[in-house]
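K.L.:
Pasting in a structure now, in structure tokens, and then I'll have a few things to ask.
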Amino acid sequence: MNSYALGLDNGGTVTKAALFDLKGNEIAVASRQTPVLAPRPGYAERDMDDLWRSNCECIQEVLQKSSVDPACIVGLAVTGHGKGLYAWGKDNRPAYKGIVSTDNRAWQYPEKWKKEGTADRLYPRLCQKLIPSQQAALLAWLKDNLPEVYKNIRYAFPVKDYIRFRLTEEACFEATDISGSGLMNVRDARFDRDLLEALGIGEAFDMLAPLCYSADLCGKVTKEAAQRTGLLEGTPVAGGMFDIDACAIAMDITSPEQLCTITGTWSINEFISKAPILGTQIAMNSLYAIPGYYLLEECSATSAGNLDWFIENCMGSANSNPEADLGPGATGKNAGKKPYDEINRMVSEVDPAACDVYYLPFLYGSNVHPLAKGSFVGLTSYHTTAHMARAVYEGVVYSAKTHIDRLLSARSAPKAIRMAGGAVNSQVWVQMFADVLGIPIETVRGVKELGAMGCAMAATVAAGVYSDYMEAAKAMVRVNDPVEPDWDKNRIYKEKYSKFCAVRDALDSVWDRFMV
């Protein structure tokens, strides 16, 4: 009888469940849109009960599609977007709406902590720069703006720890996620009350659950959860991990020499190290899914999610054409129905040397000014939708290059960069990444849901099927041949990237005026 592992992936806009066999073959996938609410500018929320319901429905559908006996599932684990806040109340129900990682309401708190010197004082322990979407900033915002909500919080969960709690009724904070929250002493891998007091949220120490690790057994499916999902009561549940760790594990990032980039709503760029690297341009150190390693991360919400908006608002007939190719790997509300063939054709037909339109991919956040906005610069009556599409593709790659250059300021360049996320479904975009970065790009073969697969791998390790992630990767991960850079285009993109940076930096004084 064959055995299987289940992964749940709770992204910023879509919830997915995927079932894998023990060789890494993707057996069945189900997804549900999880609507994001924006009651005010800068807010991004969703209903926590609806999110739990979506997870249950996805599991049910995967079991139905696969016809796999639930008794054959060795275990499951959950991944999800990092940052954000899914607060569980002392009254045993959600304390507030779930807050998504693209929420920017708390932008003033990291600015304040930076100006008053708190961020610098805490940096040797935090090992990361504080940002608005972390639990630390969001809890500070709740304390000041919704004190009754703040007082009622029992657990300040990341999204995947919340879903695991609903599956098992056991609360714990898994290390990869909580170490990116601003609530943890990352250097020593523990919680410090005085660190939280320095941020003005000392009470949050009591909102923290025991620490666990990604492949730890962290409970079993309860009777109620079994009834709602179709899983067997008692099915083992592993700790799971932050989605950027899950994708990295599913790409076999198990060595410090490697580097990967993930293109979803967020541009995630990372490598692993035996120790945190401080005092460099690198923004984030967190604990990696493999015990004993730190994850060095450069990220911002400046990636392929920008294409969703462009297709929805600027593609016109291409977006509404029912005959258009509706490629996989989409993010947001266009998930599963994107006209990739059409937009790839448009981008490839515009010579990069002749396209002098620049796009700042800051619709959901920025890697420069905290209030920077998405912008096209250089448009004239000559330009077409194709020029704008190319500018979007290039802008996303340039933003990733900004992050990767910061990572490479602290290490040597890798032989190749492993790439995942929506952009890998576009050969045009993958080639552009290779050309702009001047480094070969590798992708993983045969798996679309890398985040869910990373969790499935955690479940196999927790269940004792494989001894560790290295053994699991050897059995389950297959890597495609690299896409090599076009060096003539690399020279063109070097000049264009310098212009992109000049445009981006020149607008800082404009964004300053948004603070007034």
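The values are calculated or read from the model by the stated rules, or taken from the named source; none is laboratory data. Computed from a predicted structure; not experimentally measured. With ideal geometry, Cβ positions are generated from the backbone for all residues, glycine too; neighbour counts draw on all protein chains shown. The accessibility values were calculated without ligands, DNA or RNA, using every heavy atom of the protein model including side chains. Shrake-Rupley method; radii C 1.70, N 1.55, O 1.52, S 1.80 Å.
K.L.:
Looking only at the stretch 430-447, decide whether some residue is within 25 Å of Ser31 (Cβ to Cβ), out of contact with any His (no Cβ under 8 Å at 6 or more places or on another chain) and open to solvent by 60 Å² or more (accessible area, probe 1.4 Å).
P.N.:
Initial filter on the stretch 430-447 (within 25 Å of Ser31 (Cβ to Cβ)): 430, 443-447.
If we keep only those that are out of contact with any His (no Cβ under 8 Å at 6 or more places or on another chain) too, we end up with 430, 443-447.
Narrowing further to those that are open to solvent by 60 Å² or more (accessible area, probe 1.4 Å): 445-446.
Yes.
K.L.:
Among the numbered criteria (1) modelled with pLDDT of 95 or more; (2) under 26 Å from Ser273 (Cα atoms), which single criterion is violated by Ala410?
P.N.:
It fails just one condition, (1).
K.L.:
What residue, among those in the stretch 38-47 that are within 19 Å of the chain's Cα centre (by Cα) and on the phi < 0 side of the Ramachandran plot, is most open to solvent (accessible area, probe 1.4 Å)? Write out each step before concluding.
P.N.:
Here is the first cut: in the stretch 38-47, the ones within 19 Å of the chain's Cα centre (by Cα) are 42-46.
Of the ones still in play, those that are also on the phi < 0 side of the Ramachandran plot are 43-46.
Working: Tyr43: 37, Ala44: 6, Glu45: 13, Arg46: 4 Å².
The residue in question is Tyr43.
K.L.:
Inside the stretch 487-512, can you point out the residues that are charged (D, E, K, R) and surrounded by 15 or more Cβ atoms within 10 Å (Cβ to Cβ)?
P.N.:
Keep residues of the stretch 487-512 that are charged (D, E, K, R), which gives 488-489, 491, 494-496, 499, 504-505, 508, 512.
Correct list: Lys489, Lys496, Arg504.
K.L.:
Condition (residue is part of a loop (DSSP other than H, G, I, E, B), in contact with a Ser or Thr (Cβ under 7 Å, 6 or more places away or on another chain) and touching a residue at least 24 places away in the same chain (Cβ under 8 Å)) applied to the stretch 53-75: is it met by at least one residue?
P.N.:
Step one: of the stretch 53-75, the residues part of a loop (DSSP other than H, G, I, E, B) are 67-69.
After this cut, where a residue has to be in contact with a Ser or Thr (Cβ under 7 Å, 6 or more places away or on another chain) as well, the list is none.
Looking for residues that are part of a loop (DSSP other than H, G, I, E, B), in contact with a Ser or Thr (Cβ under 7 Å, 6 or more places away or on another chain) and touching a residue at least 24 places away in the same chain (Cβ under 8 Å), one finds none in the stretch 53-75, hence no.
K.L.:
What residue, among those in the stretch 172-196 that are outside any helix (DSSP H, G or I) and free of Cβ contacts under 8 Å to residues at least 60 places away in the same chain, is most open to solvent (accessible area, probe 1.4 Å)? If you could, list the steps in order and put the result at the bottom.
P.N.:
Step one: filter the stretch 172-196 for residues outside any helix (DSSP H, G or I), giving 172-174, 179-192.
Now restrict to residues that are free of Cβ contacts under 8 Å to residues at least 60 places away in the same chain: 173, 182-184, 190-191.
Numbers: Phe173: 0, Gly182: 1, Leu183: 1, Met184: 2, Arg190: 117, Phe191: 43 Å².
So the residue we want is Arg190.
K.L.:
Further question: Can you name every residue in the stretch 144-168 that is surrounded by 24 or more Cβ atoms within 10 Å (Cβ to Cβ), more than 18 Å from the chain's Cα centre (by Cα) and within 18 Å of Ala106 (Cβ to Cβ)?
P.N.:
Within the stretch 144-168, just Ala156 meets the criteria.
K.L.:
What pairs come out if I take residues in the stretch 92-120 that are under 18 Å from Ala44 (Cα atoms) and open to solvent by less than 40 Å² (accessible area, probe 1.4 Å) and pair them with residues that are of a type in the set (Val, Ile, Thr) and part of a helix (DSSP H, G or I) whose C-beta lies under 7 Å away, six or more apart or interchain?
P.N.:
Ala95/Val149; Gly98/Val159
K.L.:
Quick one: would you say Lys16 is basic (Lys, Arg), under 23 Å from Met251 (Cβ atoms) and not in a strand (DSSP E or B)? Break it down into steps so the answer makes sense when it comes.
P.N.:
On the way: basic (Lys, Arg): yes; under 23 Å from Met251 (Cβ atoms): yes; not in a strand (DSSP E or B): no.
Spelling it out, it is not the case that Lys16 is basic (Lys, Arg), under 23 Å from Met251 (Cβ atoms) and not in a strand (DSSP E or B).
K.L.:
If I filter the stretch 187-236 down to residues being closer than 24 Å to Thr176 by Cβ and of a type in the set (Lys, Arg), which single residue comes out as farthest from the chain's Cα centre (by Cα)?
P.N.:
Per the criteria, the residue is Arg193.
K.L.:
It is to be established whether one or more residues within the stretch 233-243 are without any contact (Cβ under 8 Å) to a residue 40 or more places away in the chain, in a helix (DSSP H, G or I) and surrounded by fewer than 18 Cβ atoms within 10 Å (Cβ to Cβ). So that I can check it myself, show each step before the final result.
P.N.:
Filtering the stretch 233-243 for residues without any contact (Cβ under 8 Å) to a residue 40 or more places away in the chain gives 233-234.
When the remaining residues are screened for being in a helix (DSSP H, G or I), the result is none.
No.
K.L.:
Report, by residue number, each residue of the stretch 121-142 that is open to solvent by 20 Å² or more (accessible area, probe 1.4 Å) and either out of contact with any helix residue (DSSP H, G or I) (no Cβ under 7 Å at 6 or more places or on another chain) or not hydrophobic (A, V, I, L, M, F, W, C) (or both).
P.N.:
Taking the stretch 121-142 and keeping what is open to solvent by 20 Å² or more (accessible area, probe 1.4 Å), we get 121, 123-125, 129-132, 141.
Arg121, Tyr123, Pro124, Arg125, Lys129, Pro132 - these are the residues of the stretch 121-142 that are open to solvent by 20 Å² or more (accessible area, probe 1.4 Å) and either out of contact with any helix residue (DSSP H, G or I) (no Cβ under 7 Å at 6 or more places or on another chain) or not hydrophobic (A, V, I, L, M, F, W, C) (or both).
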